[in-house]
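A short reminder: the numbers here are calculations on the coordinates, not readings from a lab. Keep in mind that what you see is a predicted model, and the values were worked out from it rather than measured. Cβ coordinates were reconstructed from backbone atoms using ideal geometry, including for glycine residues, and neighbour counts include every protein chain displayed.
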Amino acid sequence: MSQEFPAVLTKLRAERGISQRKAAADLGISQALLSHYENGLREPRLDFVVKVCDYYNVSADYMLGRDYVGFDELRHLISRLSELSAEADRLIKEVR
């Protein structure tokens, strides 16, 4: 298992303002087990990794530290690119 998993797991929960107790309940595990995963004391099974990916809406590559852009960040970047493209189109029309 990636050494990044515990850090990413903790980061995602904290970014969303979810308590460890709530996340554990939502994921169907004990708070103690979630704490062990977040602290790198235990390694989760693949089915838990998949469940966490679904819960936080991220890819497994992101969860495992293999991809540094999550779905939410990617959506934001795509949205921003769309805004910039619209602005560029407007400026081009203005110059013509």
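Taking 7 Å along the Cα-to-C-beta vector as the label spot, tell me the L33-L91 distance in nanometres, rounded to one decimal.
With each label point 7 Å from Cα toward Cβ, the separation is 5.3 nm.
Round to the nearest 0.05 the FRET efficiency obtained for F48 and S19 when R0 = 30 Å and r is the Cβ-Cβ distance.
0.95
Between D67 and residues 5 or more places away or on another chain, which pairs have amide H atoms under 5 Å apart, with H built 1.01 Å from N, and which residues are they?
Correct list: Y62.
Within 10 Å of each candidate Cβ there may be at most 11 other Cβ atoms; applying that plus a DSSP loop requirement, which trypsin sites (Lys or Arg not before Pro) in region 33-62 survive? Let's see the in-between values first.
Details: sites: R42, R45, K51; in loops: R42, R45.
Qualifying residues, ordered by number: R45.
Hey, what angle do you get for helix 46-56 against the long axis of the chain, alpha-carbon based, 0 to 90 degrees rounded to 10?
50 degrees
Restricting to DSSP H runs of at least four residues, report the calculated mean residue ellipticity at 222 nm for the chain, -39500 (n - 2.57) per run over all residues, nearest 500 deg cm²/dmol.
Numbers: 6 runs with 67 residues, N = 96.
That comes out to -21000 deg cm²/dmol.
What angle do you read, to the nearest 10 degrees and between 0 and 90, between the alpha-carbon axis of helix 5-15 and the longest principal axis of the chain?
60 degrees
What aspartates and glutamates does K51 reach when the alpha-carbon gap must be under 19 Å and sequence neighbours fewer than 8 apart in one chain are set aside?
Straight-distance partners of K51: E4, E15, D26, E38, E43, D61, D67, D72.
From the phi of every residue in region 57-67, what ³J(HN,Hα) in whole Hz does the Karplus formula 6.51 cos²θ - 1.76 cosθ + 1.60 yield, where θ is phi - 60° and glycine or proline is x?
6, 10, 7, 5, 4, 5, 4, 8, x, 9, 9
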